[in-house]
Amino acid sequence: MTYAVIAAGIPTYFDLTFFVQLILFFVFLYLLNVLFYQPVSRLFDERSARVEAGQRAAEESRRRAEETQREVQRQLDAARAEAQTIIAAANRDAAARSQTVMAGAQEQANGLIARAQEEIRGERAAALDQLRSEAGALAILIASRVSGRPLDTADNRQLAEQTVAAESGVR
């Protein structure tokens, strides 16, 4: 069956198949929408959501990494400062100990020097006393040989010792 439509003075003939084709076209569009467009659109939306979630996660990880890096740097700075404090304290302690040891060694050395000087004085005095007594005995011996008689009395011995003492005081 054919129908004629006159529009603006031009006759147009339509067949019923036109309406069937028009209905089939809309059914085909609906099926394309349901079977292809919506699933593909849903896949694109899901992919976009995953990409955005990945970007958010990456941004959060980057932010946490920067925060962790700042915290580690702060701890390193604190550890360096503490190490410097410990080193300075150890240096001060070592200097104090060194001064103490040096003072003790100096005191000990001064004591040894004083004892050695005292021993030297004592030995010198003993040597001088021994020398005086031997000089007195030699003087008596020489005088007795020169005079040809023994000079063994206490007066002669005392006179010889005074002479030796006077001679040692002159020099």
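Here are the numbers for this structure:
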item: Sites D77 and R56, calculated FRET efficiency, Cβ-Cβ separation with R0 45 Å, nearest 0.05; result: 0.90
item: Theoretical FRET efficiency, 1/(1+(r/R0)^6), r = Cβ-Cβ of D93 and R70, R0 35 Å, to 0.05; result: 0.50
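Values in this text are rule-based calculations from the coordinates and carry no lab data. This structure is a prediction, so every number in the text was calculated from the model and none was measured. Cβ sites come from the backbone with ideal geometry, for glycine too, and all protein chains shown count toward neighbours.
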